[in-house]
Amino acid sequence: MLKNRPTRQNNLNVIRLIGASLVLYGHSFVFLGLQQPLFLSWVPLGPLGVCIFFTISGYLIAESWDRDPHLLIFFARRALRIFPGLIMCTLLSILILGPALTTQPLNDYFKNEHTWHYLQNIVLYISYYLPGVFETNKLPNAVNGTLWSLPVEFLMYIMVAIVGFLRGNRWTFIALAVISAAIAFFWAQRSLEMIVVYASDLRQVFIVGSYFWFGAVFYKFNLQRYFSISTVVIAVVIMISLEAWPEALNVCAYLSLSMVVLAFGLAYSPTLNWLTRSVDYSYGIYIYAFTIQQSIIYLYPHMTLKLYLLICLILTLVCAILSWHFIERPAFAFKPSKLSAS
């Protein structure tokens, strides 16, 4: 059996690192003007990494609410995980990156309303543009494109809290997962028209949000008790077998991909656990990679893929390490304690 262990004695930090690295790796091709590799001829590696994040998040957030269903404490913990790192990343982009790379005179840059609109990222009203920054890149004017997923993620937190507050049971999560997946399949994945709500693409609420709900379903129904080498192999074989039928794979992946991700994440490897048990650099990698990759390709537009990947990975990891040790982990000291323990 793939045994899961108590908190921290699992591979979740490792699988989050893999997800963040997939996003970095997939975006590298986009920034160089190359075709992004596909997973099973189905989904680009960048979006695959995001789906991995949402699957894990669904499982852990549902568990977190059940462990301590107190509204203010729940959101305080979620806020301390997302906002300290995001605030620092946003301020560095406005005050350091922008002035260093903008093509506009500094006086014009700081007087431009769009410069200060970028601060709205702090409240998850996502803005990608800083005046004069990355205008000539192959993906022009996009300072930090990965931030789009954070409002969707926070919306999932709100939904979990609403379900909990209304005393929804585990079948409520099944209903939300099925409805979300159906909307994703029949509308969001097919529609070319973007519907924008609070500066976010509504389609993504269902495309990646469905993985969140299926992750939550795995927790609510304790499906990890069925995890074994055999079930994981079966899930992988099913996905491979459906490669020729992308629409079928889209539907199947909500269960099969979620099973593979959570089976590996909740399993226990002493070596992997030792490497990541006290640190989690995945969020820092996720929020800094895009900007660093855009900066490198702006400064050195003819770099080879291998060298580009190496430099971006090193610089992103340095930022993630600094973010974890000086911003994210210190913020955890302010996390409120569980009420039942007080």
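Data overview
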{"quantity": "Meets criteria (open to solvent by less than 30 Å² (accessible area, probe 1.4 Å) and closer than 30 Å to TRP245 by Cα) for ILE15", "calculated": "yes"}
{"quantity": "THR103 open to solvent by less than 70 Å² (accessible area, probe 1.4 Å) and hydroxyl-bearing (Ser, Thr, Tyr)", "calculated": "no"}
{"quantity": "Residues that are on the phi < 0 side of the Ramachandran plot and either modelled with pLDDT under 95 or more than 25 Å from the chain's Cα centre (by Cα) (or both), drawn from segment 117-132", "calculated": "PRO131"}
{"quantity": "Count of segment 37-63 residues which are open to solvent by 10 Å² or more (accessible area, probe 1.4 Å) and among the small types (Gly, Ala, Ser)", "calculated": "2"}
{"quantity": "Selection status of GLU243, more than 22 Å from ASP66 (Cβ to Cβ) and loosely packed, with under 14 Cβ neighbours inside 10 Å", "calculated": "no"}
{"quantity": "ARG167, sole failed condition from (1) assigned to a loop (DSSP other than H, G, I, E, B); (2) open to solvent by less than 60 Å² (accessible area, probe 1.4 Å)", "calculated": "(2)"}
{"quantity": "THR291 open to solvent by 70 Å² or more (accessible area, probe 1.4 Å) and among the β-branched types (Val, Ile, Thr)", "calculated": "no"}
{"quantity": "Index of the failed condition, ALA244 passing every other in (1) in contact with a Gly (Cβ under 6 Å, 6 or more places away or on another chain); (2) outside any helix (DSSP H, G or I)", "calculated": "(1)"}
{"quantity": "In segment 179-238, the residues that are among the acidic types (Asp, Glu) and either exposed (fewer than 14 other Cβ atoms within 10 Å of the Cβ) or more than 22 Å from the chain's Cα centre (by Cα) (or both)", "calculated": "GLU193"}
{"quantity": "Pairs with Cβ under 6 Å, 6+ apart, first in segment 267-285 and under 23 Å from LEU24 (Cβ atoms) and surrounded by 14 or more Cβ atoms within 10 Å (Cβ to Cβ), second among the charged types (D, E, K, R) and modelled with pLDDT of 80 or more", "calculated": "SER282/ARG16"}
{"quantity": "In segment 204-241, residue nearest to LEU38 (Cα to Cα) [restricted to those that are among the polar types (S, T, N, Q) and part of a helix (DSSP H, G or I)]", "calculated": "SER241"}
{"quantity": "Of the criteria (1) free of Cβ contacts under 8 Å to residues at least 60 places away in the same chain; (2) part of a helix (DSSP H, G or I); (3) more than 19 Å from ILE207 (Cα to Cα), which one LEU24 fails", "calculated": "(1)"}
{"quantity": "Counted residues, segment 305-342 - those being of a type outside the set (A, V, I, L, M), modelled with pLDDT under 95 and loosely packed, with under 13 Cβ neighbours inside 10 Å", "calculated": "6"}
{"quantity": "Matching option when the condition is surrounded by 15 or more Cβ atoms within 10 Å (Cβ to Cβ) and in a helix (DSSP H, G or I), among LEU97, LEU130", "calculated": "LEU97"}
{"quantity": "Residue under evaluation ALA76, criteria (1) surrounded by 16 or more Cβ atoms within 10 Å (Cβ to Cβ); (2) within 23 Å of the chain's Cα centre (by Cα); (3) farther than 21 Å from TYR211 by Cα, criterion not met", "calculated": "(1)"}
{"quantity": "Residues within segment 184-211 that are among the hydrophobic types (A, V, I, L, M, F, W, C), over 20 Å from PHE53 (Cβ atoms) and either free of Cβ contacts under 8 Å to residues at least 60 places away in the same chain or in contact with a Pro (Cβ under 7 Å, 6 or more places away or on another chain) (or both), tallied", "calculated": "7"}
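The values are calculated or read from the model by the stated rules, or taken from the named source; none is laboratory data. Quantities reported herein were computed from a predicted structural model and do not represent experimental measurements. Glycine gets a Cβ as well: all are built from the backbone with ideal geometry, and neighbour counts include every protein chain shown. In case anyone asks, the SASA skips ligands and DNA or RNA and just uses the protein heavy atoms, side chains included. Shrake-Rupley method; radii C 1.70, N 1.55, O 1.52, S 1.80 Å.
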